[in-house]
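Notes for the one structure printed next.
Taken together, the values in this text are just the output of simple stated rules run on the coordinates, not laboratory data. No experiment lies behind these values; they were computed from the predicted model shown. Please note: Cβ atoms are built from the backbone with ideal geometry, for glycine as well, and neighbour counts cover all protein chains shown.
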Amino acid sequence: MLTNSPARRWFLPSGSVLVVAAWLAVTASSAHAQPAVAQSFEQLQVLLAVGNSVKLTDGAGDRSKGHVVAISAERLIVDIGGKKTTFLERDVAEITRRGGDPLNNGAWWGFAVGSGFGTAAYAAWCATATCSSSEVWIIPIYGAMGAGIGVGIDALIRGQRAVYRAPMGRLTTSVSVTPRRTGIGLSIAF
């Protein structure tokens, strides 16, 4: 004799679990924080310290690499190969320095992905077994694990990042021709 067993059905408390997980995924992607980029030497004083290794690009496109000796709202003094060189704000197009990826965006992305997995696990659990709303704890647990993994990945990312960019329109257009051993160099800057 065959007995009819009740059909399994999805149980989501008021459907809110999926709505919350979707909201977390959307807000996490929009919360991707961009690292600060100064547009004046006054702002740059917060992002650089004496001794930092930097790469500078001037208005003509020439690049220099050295260590910061001093910085003020008007000028930046950099030791380039043992020679102290002064750069005025109006002459610098961009300054980069070696640094890590901001950890907060990895945490947000990891939390969103982990929460998504947590929501899928909760839904799958409820589809195969009787569950209650007290078991919804799995979603933030997975979210926290994902945030930890995201921070760990971001901590491993190293590279050059811009700390200063001249505001658009401040630099003038210039053309320079420089004799080189292998020919001539042409530089056009806007």
Please compute the modelled spin-label separation between T130 and V50, points set 7 Å along Cα→Cβ, answer in nm with one decimal. 7.2 nm
Within segment 86-137, which GluC sites (Glu not before Pro) sit in a loop by DSSP and count at most 10 neighbouring Cβ atoms inside 10 Å? none
Between the modelled labels at S72 and S40 (7 Å from Cα along Cα→Cβ) the distance in nm is 1.6 nm
Between K65 and T182, Cβ-based FRET efficiency (R0 30 Å, step 0.05) works out to 0.90
